[in-house]
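The values are calculated or read from the model by the stated rules, or taken from the named source; none is laboratory data. Everything numeric in this text was worked out from a predicted model, so none of it was measured. With ideal geometry, Cβ positions are generated from the backbone for all residues, glycine too; neighbour counts draw on all protein chains shown. Ligands, DNA and RNA are excluded from the accessible area calculation, which covers all protein heavy atoms including side chains. Shrake-Rupley method; radii C 1.70, N 1.55, O 1.52, S 1.80 Å.
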Amino acid sequence: MTTRTKRVVRNGAPRNDLVLSAYQASNEDVFPKILELYVPKGSVVADVTYGKGVFWKNVELGRYRLLPSDITDGTDCRDLPYRDGDLDCLVFDPPYMHSPGGTAHSGQKPYESYYRNNGTGNRTESKYHEAVLELYVDGGREAYRVLRDRGILIVKCQDEICSNRQRFTHVEIMREYEDMGFVAEDLFVVMRNNRPGVSRMARQVHARKNHSYFLVFWKRGATGQIWEPPS
């Protein structure tokens, strides 16, 4: 009979307060855990889609040098007022679904009108999901410019059904960002606390989305460094 030797971990201490990959919680509950894991204290963090600052409600004040902005104060996530390599971390949460009509996504409409997600304009000829993805791509390129090498990019997104077609937005973003030079480091699933509303439909075809994602990337840079955990 073979006797197995118990593996002993000599560094660190046992703990139960682990950061997990999935939560039934609110964004403001999950976001601080991501910062704790990936963004060291004192980092310069630009939240370029800050809005009402929901993500930051449970983050300790003064822990980071926060630079909040969004389109309503004239700061376009595709044309940021930072120099190349200025930032340690960037947070990006653009509108992640189109509004096909009615009131299903009414909260997204004002933001969409700024970014022209539902029509053509001087910035894009895309519509609907393609316009959503285009905004993620354009914002990602600008994030790559302003982040230092090995800087962290935290992106919020959600998959959607568009024209009766399943669009796995988080996969599309990962592919596009890896082509830019980002490395996908982690993924967090956030499941909403309340049940989605019931819309009128003759027959349900796809599962109703009741979860979203935080994606964590790091900038590889020209020298091909590896990511290192914060000290």
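Against the test of being open to solvent by less than 70 Å² (accessible area, probe 1.4 Å) and at pLDDT below 95, the options Ala25, Ala13, Ala46 yield a single qualifying residue, Ala25. Applying the criterion of being open to solvent by 70 Å² or more (accessible area, probe 1.4 Å) and charged (D, E, K, R) to the residues of the stretch 57-87, the residue that is modelled with the lowest pLDDT is Asp73. The criterion of at least 1 residues that are touching a residue at least 60 places away in the same chain (Cβ under 8 Å) and touching a strand residue (DSSP E or B) at 6+ places or on another chain (Cβ under 9 Å) is met, among strands (runs of 3 or more DSSP E) falling completely within the stretch 12-78, by 22-24, 44-47. Of the strands (runs of 3 or more DSSP E) contained entirely in the stretch 138-188, not one carries at least 1 residues that are aromatic (Phe, Trp, Tyr) and within 21 Å of Ala207 (Cβ to Cβ).
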